[in-house]
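Written below as structure tokens is the structure these notes are about.
The values are calculated or read from the model by the stated rules, or taken from the named source; none is laboratory data. Source: prediction; values computed, not measured. Counting neighbours? That spans all protein chains shown, and the Cβs are built from the backbone with ideal geometry, glycine included. When the accessible area is computed, the model is the full protein with side chains, heavy atoms only, and any ligands, DNA or RNA have been set aside. Shrake-Rupley method; radii C 1.70, N 1.55, O 1.52, S 1.80 Å.
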Amino acid sequence: MPRTAGFSTQGAEEEGMMRSILVTVDDTPSAVAARALAVALARQCGARVRGVTALDVSDLDRVEPVPIGGVQYAYDRLQHRRKLADERRARIAELPDVFRRCLADEGMDAECSTMEADVRAGLLRMIETCDLVVTGRDAEFHLEPIDGVAPLVDHIIAKGCRPVVVTGPQWVESGPVLVAYDGSAAAAKALQMAALIGVFGSTGAHILSIAREQSAALSMAERARSFLAPHGVEAELEAVETAENPADVLLRRASDTGARLLVMGAFGHRGFREVLFGSTTRRLFDNAPVPLFIYH
């Protein structure tokens, strides 16, 4: 029988090689969910958690066009942006202590650093020192939730050198790990990395393959199960014959199976094989009811 427990600490040292998790620290519901998910993964794998936030007011420091005769308007806008920047600085200054206290409540000793310049390049350098990045999908260090995936998260995935888990405002603590597998290099790399660092934990996998022919979908799913077996991960197979958009199938099955995580490579709208951040990947990032583990 497949293992059905969720995040577990039993045998954590044997689950995988993940030893450090970097979590982006913001003030949005997705950021709070990312912190909780990072704690759960750390317990499962025996990893340490570090936080990173940033003081970024570049969006408020920009120069705005001034209409003819609008000197007073421009001055008022400037003062308003300065007020917002000061408020953001004050809120960002509080985040590291909040993060440390929350982790302490979970019995974990964790640090949180604050970047103040060259945020994107600095973040990539920090990512080099961890095994996994966990982030809310709207992380931009602007302290405001946005719809869909933030440009900073795109940057982390596209330019970073580690796997990334992207979560929305909710996450599920128990259930199987849903694996979207099409036999492509991107899907194979994501599956291997997920197994090596131990994200399956004590949970079984539900492998979902989609193709226009049932036999092709089943063959792909069976290869994924063959890979997971030596890693001690039992898997159920689901082969779907359809010409439907893969994103629609995956979104539906993620809910139906009660999955706690979706492991996937980067793919687009033509089957699964497409460039990074193709239409299917984007739709999943924006709408998936569970966190997405992605590696490219």
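Taking θ as phi - 60° and the Karplus parameters 6.51, -1.76 and 1.60, the scalar couplings of segment 92-106 work out to 4, 4, 7, 4, x, 5, 4, 4, 4, 5, 5, 5, 4, 4, 8 Hz in sequence order, x denoting glycine and proline.
Taking the Cα centre of each part, how many Å lie between segment 82-128 and segment 160-175? Their Cα centres are 19 Å away from one another.
Sequentially through segment 257-263, phi angles give Karplus couplings (6.51, -1.76, 1.60; θ = phi - 60°) of 8, x, 5, 9, 7, 10, 9 Hz, Gly and Pro residues having no value and appearing as x. The spread of Cα positions in segment 89-224, taken along each principal axis and listed from longest to shortest, comes to 58, 32, 29 Å. Which of rounded, prolate or oblate describes segment 130-206 when judged by the alpha-carbon gyration tensor and an a/c cut-off of 1.5? In terms of gyration-tensor shape, prolate. Net charge of the neighbourhood of residue 171, taken over other residues with C-beta under 11 Å away and scored Lys/Arg +1, Asp/Glu -1, is +1. Residue separation of residue 93 and residue 215 scaled by 0.36 nm, minus their Cα-Cα distance, works out to 38.3 nm of gained length. Accessible area per residue for segment 123-190, computed on protein heavy atoms with a 1.4 Å probe, is 35 Å².
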